[in-house]
Amino acid sequence: MIFKRFVTAAAAVAISLFAAAAVTADDNVPVKDDEGYYNIYNSAQLYWYAQKYNNAEFNTEASLDGENDLKIRLMRDIIINDGTMSAESTDVIPWEPIGGSGQTKSPYWFKGIFDGQGHYISGIYCNDANMAGLFAINKGTIKNLGIIHSYFYSPTFTWSDAYAGTFAGQNKENGVIENCYCYNNIVRSEYVAGGIAGRLSDKSYAACAIRNCYTSNDVLGAKASKARTDAIACRYNGLDTSTTAVIENTYYDGSKQKSYNTEPKAFTSTQLESGELTYLLNNKKSTSSVVWRQNVTVGERDFLPVLDSGHYIVYKEDGEYKNHEEDAQDSDDPLSLVPNSSGVYEIRNENQLYAFARLINEYYEDHKDADAILKADLVINVEELKEQNFGAKPWTPIGTTKTPYLGKFDGDMHTISGIYGDDAVSEKDYEGLFGCIGDDAIIKNLGIMNSYFYATTSSGAVTAICQGGTIQDCFSRNNVIKSEYDVGGIVGETTKASLLKNCFCADCTIFSSKTDEGGSANGISGVFNEKFHALDQTNSSAENCFYYRLSEQSEINRTWNGIHEGQKGDCDLNCVVDILDVIKSEQIVGETVGMFDFDHYMADIDGDDYISDMDVFETLVIAADLVGKI
């Protein structure tokens, strides 16, 4: 149900610990992706963006097609303050709306895109702001976002600057709020308050809209007239329904508030729980492309509509609302996979992972650069995989040297466990989650655990061959990785200006049976920086990567600095940054884990000071084991 998506503090710690084991970049600063979107993973990054925007440090005037700082994607559910916010809340982190608390002129108007990607923000405390909301004034697009358990208050007394709304104090001039919901928030103003936006623009402005949204808020106005508080939004000219201010297919909780606009409709608790509201939000459609989902008769029941493509589509049949079991991904048929609204394939279970692999391997030309995101930890084989086991479910790696994977695969801080990759079964000469990744491919935020890989030519937990791609923020733990020739904890062969960054391998068996014939076994990459062909003069890079042999059960039969073999190809040692088996330094520990607060989590475990003299990877692994993540 939707309430289980409201992340607890313990779960948030688990996520941060995973990130600590792999990420060294400043956790407070979001990264802009190839499409120009700032990817927001936590509350610190959201506040960083708001502060930069409000201090006019961004390029906010350029076209969305040009270079600008106007596009944001929410990558996680974010909890700013625990619990439900109210006027009585204390010891909270306050929020200043994006666009400022009282700025009403450009460049403070937001004209960009904020895509929540189905996530929510919880615990916003916005008090004493002239334009109270997530945004002050929206002239852009806010979509696919939920806001819950939050408080918004505008205390000023004049019509010109006293607006409170959940998503924006004002929604004006081309501003669109769509596919959004707000639940259990308090919105207050001394003058104008609306459940979704405080005010919609009047007909002197270009069109603005609120569409396909629902709200269940308490909306309060000390000086309320019927045009001054509204469950959805207050129009500038009272009940004026000019087409310049459109409210379409939007609903509100009739038990909490009333809308004086004619378009939105009140919903009842029965409509909410039965799936009827979800069906209405989807414009009475039940196709695979619908945004709103709700488990009603299949799966763990949701009591609210959710923006989660992993939940079931709602159908209306014989006057009742129900799900179809066949909508679940119960096979590895690649043609049954449907990308989300951003064009990314969401992988939530084992069958979807196998389907994605087949999509690349069998329909390569159309899908070679398909992007995917892992939405859950996956376990393929439960039994221990330490040697050949023909009874295990086999894996065929994604991509080959002739058809390398060219997309972006985001593990989203999840792990895949129990992969059985054996070339005697797959009939491939290389084994790993991926067989080969090529130019511009990115594999990130992923852990491979408790798995077995064996190949004649090359094996690596993440990929057998990396020829021009990037592997970042990944780890390999407790795997058996073997090859007759080249084998590494993360990659078997690294060539053609590839980048390995912020990765580690711990407690793995890494074995090459033909080291006397040129085979290589190394902690991170078996062969590092081998020439892709005779004319290839580019070098690969490794940054902040480590190998650690944690127990006597793990082994590595040949290693140089944990990463490169040193005989095949000319490895530019300047590309290798301090890759050592064992590093004992509190300073290096701090650099390795970035924002992870060792003083808080690791200062004293069983009476021992682990920071002072523990090997880097033992520290990282034990820290992560506290929450069972790795």
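Here, each number is a calculation from the coordinates, and none is a lab measurement. All values derive from a computational prediction rather than experimental measurement. Here Cβ is always computed from backbone atoms with ideal geometry, including for glycine, and neighbour counts include all displayed protein chains.
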Using θ = phi - 60° and the Karplus relation 6.51 cos²θ - 1.76 cosθ + 1.60, list the HN-Hα couplings for the range 134-151 in order, rounded to whole Hz, with x at every Gly or Pro. 4, 10, 6, 10, 9, 10, x, 10, 10, 8, 6, 9, x, 10, 9, 6, 10, 9
Paramagnetic reach from residue 517 in the range 423-450 [backbone N under 18 Å; point 7 Å along Cα→Cβ]: 423-424, 428-431
Contact order relative to length for the range 386-539, counting C-alpha pairs under 8 Å separated by 6 or more residues, stands in percent at 19 percent
Any chance you could run the full-extension gain for residue 68 through residue 366? It's 0.36 nm times the residue separation minus the Cα-Cα distance, nm to one decimal. 104.2 nm
So for the pair residue 174, residue 401, with labels modelled 7 Å out along Cα→Cβ, what separation do we get in nm? 5.2 nm
Let me know the shape class of the range 357-432, please: from the alpha-carbon gyration tensor, a ≥ b ≥ c as square roots of the eigenvalues, rounded when a/c is under 1.5, otherwise prolate if a/b is greater than b/c, or oblate. oblate
Using only the Cα atoms of the range 236-324, build the gyration tensor, take square roots of its eigenvalues as a ≥ b ≥ c, and label the shape rounded, prolate or oblate: rounded if a/c is under 1.5, else prolate if a/b is larger than b/c, else oblate. prolate
If the limit is 23 Å between Cα atoms, which of 408/514; 402/514; 71/408; 52/408; 139/408; 52/139 go over it? 408/514; 402/514; 52/408; 139/408
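By the gyration tensor of its Cα atoms, with a ≥ b ≥ c the square roots of the eigenvalues, what is the shape of the range 422-540: rounded for a/c under 1.5, prolate for a/b over b/c, or oblate?
Judged from the Cα gyration tensor, the range 422-540 comes out oblate (a/c at least 1.5, b/c at or above a/b).
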Taking amide hydrogens as modeled 1.01 Å from N in the peptide plane, which residues meet the under 5 Å criterion relative to residue 27, leaving out close sequence neighbours? 595
Give, in nm to one decimal, the length gained when the segment between residue 342 and residue 290 is fully stretched (0.36 nm per residue of separation minus the Cα-Cα distance). 17.4 nm
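Taking 30 Å as R0, compute the FRET efficiency from the Cβ-Cβ separation of residue 256 and residue 376 and round it to 0.05.
0.35
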In percent, how large is the relative contact order of the range 250-359, given Cα pairs closer than 8 Å and 6 or more residues apart? 17 percent
Counting other Cβ atoms within 10 Å, keep those with at most 16, restrict to DSSP loop, and tell me which chymotrypsin sites (Phe, Trp or Tyr not before Pro) in the range 138-201 are left. 157, 159
Could you calculate the contour length gain from residue 55 to residue 207, that is, 0.36 nm times the residue separation minus the distance between their Cα atoms, to one decimal place in nm? 51.9 nm
Measure up 386/482; 428/501; 444/501 against 21 Å on the Cα-Cα distance and list the ones that go over. 428/501
